[in-house]
Amino acid sequence: MDSQFEQMIQVNIQGRVFVICQSHGITDPTIIGYYIEILEQAIISQLTDGSTPTDFQRILTEQVDWLEAEISQVSVNPQPAAPSQTTDGVESEGDDQKPATKTTNKKVTGYMPEAKSMPELLKDRRAIIEHLLDNDCITLKLVTPTEAKKFKHGLLGREPEEAEEALVAQLRNVLHNQVRKFIRKHNGGPWASATLQHDVRMDITKTRTLRSLVTLSRQLLNEREEWLSKTKNSLTGRFFSGRVKMDK
């Protein structure tokens, strides 16, 4: 999955989630960001390196339908509100019998859905990080299974953003070391020029989330394997062909 495809995925997801939230009167950035995270995790987990934009649009449509139903269910079951009143201060009759509409929903702009408590929301956010640790991070050799278990334990009792920031800082160093060792062993490899090596270092340094670090690590791994494939008939290729570990 190239960077342009990745960017297209993020833009489409963010746009669709924003439209759905706006239609239901939800404008709280925290809530919108939560729904974006959930949708991204669900969609990316179904995509592969061979997935096409058509595959993405199909999966996106399915997940958007799910999100629409989820938010609609929350919207039609808000917390009981105080009785509405007429301009004379008299309670209007029958308002509580009217079905909820989008117009009614918009009166609760910024309303925090009660479908999940804050501890549950934090648990869901931790679950995304834990999933990446147990799967992508181990596959890409950013962590060992033992380290993944240790890092997951460190998430407990902390804000997910704070814990993720500390985790990413450590794994950035791991990725830096992997790339540095590969460059030294293969005389630069796909990043033979000083400019390319500088760009790689900057790309790693700029990552702020575990998902972005995993995406970048996978991209660098693909660039390395493409380079190995192109040079497999050369002297370098005869020594280093095949699936070479990034950290060797």
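The values are calculated or read from the model by the stated rules, or taken from the named source; none is laboratory data. It should be emphasised that the depicted structure is a prediction, and the values quoted were computed from it without experimental measurement. Here the Cβ is made from the backbone with ideal geometry for all residues, glycine too, and neighbour counts use every protein chain on show.
Some observations on this one:
- Note on the stretch 1-27: residues that are acidic (Asp, Glu) and either in a helix (DSSP H, G or I) or without any contact (Cβ under 8 Å) to a residue 12 or more places away in the chain (or both) amount to 1.
- Within the stretch 159-248, helices (runs of 4 or more DSSP H) holding 1 or more residues that are modelled with pLDDT of 90 or more, surrounded by 15 or more Cβ atoms within 10 Å (Cβ to Cβ) and aromatic (Phe, Trp, Tyr): 160-185, 210-230
- Residues of the stretch 1-30 that are closer than 19 Å to residue 72 by Cβ and modelled with pLDDT under 80: 28 alone.
- Looking across 41, 46, 57, 22, one residue alone is buried (at least 16 other Cβ atoms within 10 Å of the Cβ) and in the same structural domain as residue 7 (by TED's automatic domain parsing). It is 41.
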